[in-house]
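Structure first, then comments.
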Amino acid sequence: MRLFADQLGRQHPREEKDFSLETESLRRFLVGAPVEQSLFLLALAVSLLLLIALINAANLMFTRSLSRLRQQALQLAIGCSRSRLFCESLGESILLSLTGGLAGCLLSVWVLDLIRLYWRSLPSFLDVQLDWRIAAAVAFLSALAGLLAGLLPAWQASRRDILTTLRRTSSSSSLGGRQRGARLLVAAEVALSLLLLTGAFHLGGQLAALDAASPGFRSPSLLTFQITLPWETPFAEQLAFFRNLRLQFAASPAVSRVAYASKMPFDSEPVTGFRSDAAPGRHAVDLTRVSPHYFDVLSLPVLAGRAIAESDSPGKPRVVVLNRAAAQLFFPDRNPIGQTIYSPWNNSELKAEVIGVVADLPSPNDKPAIYQAFQDSNWPSPSFFVSPRGTASQQSTLADLRQRLRQFRPQQAIHTIRSMEQYLLDETAEPRTSFWLVAAFSVIAALLTGLGVLGVLLWFLNRHRAELGLRLALGARPHRLVLHLARHGLGSVAAGLLAGALLSLLLPAGIFPAMSPTLTSLTLAASLLGLLSLLAMLYPALRALRISPVESLRPD
């Protein structure tokens, strides 16, 4: 395609000087980039959550194996082979993981119904269902997760020295190396959970900014629909029909204001080749042909100059209205009102006077947009925007408009009827879906992390019960025991938060732009995860305060 474009440029240096071609796979064209991004984000979130669950399971299996040191040492002492001990420990982990995978498959039957119902950005031809391939993949991943989670505890159990283990267990001496392993797993959980939470807060901030930047046409009573003439209808007939029809609709007692445009507000219609005398080069803009009162109906404020009016008709000088982004692009250092915009037309250019500047539509990145009157271009299928008057319902307004259309042109029909509220929900379905997916997985990851912190602290409390009881017997204050216990959990949490923050900041933005964090989202995620970790430490702390020195010092 590049060679073809270069060849055209050489053969027609004037007409095809800036000619370019872009290729796109059929799958991407059918599915769409937003859906691809949502699916990629879902896969990323699922992978992170599965890794967190794997680390959590490994952590709990690891701490459980440390609490069974004496039992496993006695098994080895009475003749149990190390290979059998290894297989028993590994088999227990795999069995638990397969049980969890089976429960997940059963739960997915219900969850898939929710996905089909609420995931609006999925194409209609994508039939999301649970089949034998997915079940086989879940079984394989469950077995693999159980194998990985139980491998380290099983390996340590099979290599345990009998005499050393019995001596350490009986004396309740420190298990420093094994404790460090458990804390390292907790830190890894915290780091990955922070990554997911940061992404959730970042997406939530983007969604909140998108909602807050609404130009004002969120009224659920605002109706939108299309009317399509045959494409071979002459332009003069099209222009007269839609202009007269708008006046007929505006005369309805159920209608407050009515306008039409070549496309819906957030639909993209990029046109390349626009330029001005104030800015070098040609630029691509989003072009929309609009009728009078378009900006009034959509409550899109006019910042300077005026909007498209009834007087901007065929035979009159061409006029355009710029949005703020286009005004800054074409006229960065001067007032755009009264200036000239040049647009490509066959082998020449058309000139248009800038008569106004309107606000930008809310979007992640402000796109330059130009609005021109329906006076030059053939477009027989515009979108209408109708604001009902007073308390008139959508149904009664629509019935009156249909009656007026039948009287005006009986063979025409109103189609693609939606409220503006429904249209905006459909347009923002992709960011909302991404946010709720990441938020749901972040909550699960945070709960798993809290469970991991709780498990490590409870194991530490049980292993050092005698030591804590001796401290109480020697006069230690209860709050010092709590601080001594919390220090073992807070160290792992702090290390995990630091590692997760570095991972979030160093994550390449090209992997997925939505996961690129801001300082605010990172701070909120770290604060929430730290608070959850403190809550997980509350129960072990209460148990530490209830330790009786006499009972804790009794021999086993």
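Ordered from longest to shortest, the equivalent ellipsoid semi-axes for the stretch 217-347 are 28, 19, 14 Å, each the square root of 5 times a Cα gyration tensor eigenvalue. Residue separation of Asn378 and Asp296 scaled by 0.36 nm, minus their Cα-Cα distance, works out to 27.1 nm of gained length. Largest accessible area first, the listed residues Trp436, Trp459, Trp155 line up as Trp436, Trp155, Trp459 when surface is computed with a 1.4 Å probe on the assembled protein chains.
Amide H to amide H distances under 5 Å link Gln339 with Val354, where only residues 5 or more positions off or on other chains count and H is placed in the peptide plane.
Taking every DSSP bridge with both residues inside the stretch 309-391, close to 65 percent are antiparallel. Full extension of the chain segment joining Leu458 with Thr340 gains 35.1 nm, where the gain is 0.36 nm per residue of separation less the Cα-Cα distance.
When peptides 421-431, 322-332 are ranked by their average number of other Cβ atoms within 10 Å per residue, the highest-first order is 322-332, 421-431.
For the pair Val271 and Ala136, a Förster radius of 45 Å applied to the C-beta separation gives a FRET efficiency near 0.35, rounded to the nearest 0.05.
At R0 = 45 Å, how high is the FRET efficiency between Glu92 and Leu498 if r is their beta carbon distance? Nearest 0.05 is fine. Between Glu92 and Leu498 the formula returns 0.85. Under 16 Å from a label point 7 Å along Cα→Cβ of Leu531: give me every residue in the stretch 450-486 with its amide N that close. Only 450 pass the distance filter.
When the solvent-accessible area of the stretch 388-510 is split by element, carbon and sulfur atoms take up 64 percent of it, the probe being 1.4 Å.
Put simply, the amide H of Lys263, placed in the peptide plane, has neighbours under 5 Å in Arg289, Ser383, leaving out anything fewer than 5 places away on its chain. Within 12 Å, Cβ to Cβ, of His484, how many net charges do the neighbouring residues add up to if Lys/Arg are +1 and Asp/Glu are -1? Once all neighbours under 12 Å are counted, the net charge is +3. At a probe radius of 1.4 angstrom, the accessible area of the stretch 453-492 per residue rounds to 50 square angstrom. Each residue of the stretch 45-51 was assigned a 3J(HN,Hα) from its phi angle through the Karplus expression (A = 6.51, B = -1.76, C = 1.60, θ = phi - 60°), giving 5, 5, 5, 5, 5, 5, 5 Hz with x at Gly and Pro. Using 0.36 nm per residue and subtracting the Cα-Cα separation, the extra length available between Leu247 and His479 on full extension is 75.6 nm. A crude spin-label estimate for the pair Ile444 and Val128, with each label 7 Å from Cα along the Cβ direction, gives 1.3 nm.
The values are calculated or read from the model by the stated rules, or taken from the named source; none is laboratory data. It should be emphasised that the depicted structure is a prediction, and the values quoted were computed from it without experimental measurement. Glycine also receives a Cβ, built like all others from the backbone with ideal geometry; neighbour counts cover every protein chain displayed. Just so you know, the surface numbers come from the protein's heavy atoms only, side chains and all, with ligands and any DNA or RNA stripped out. Shrake-Rupley method; radii C 1.70, N 1.55, O 1.52, S 1.80 Å.
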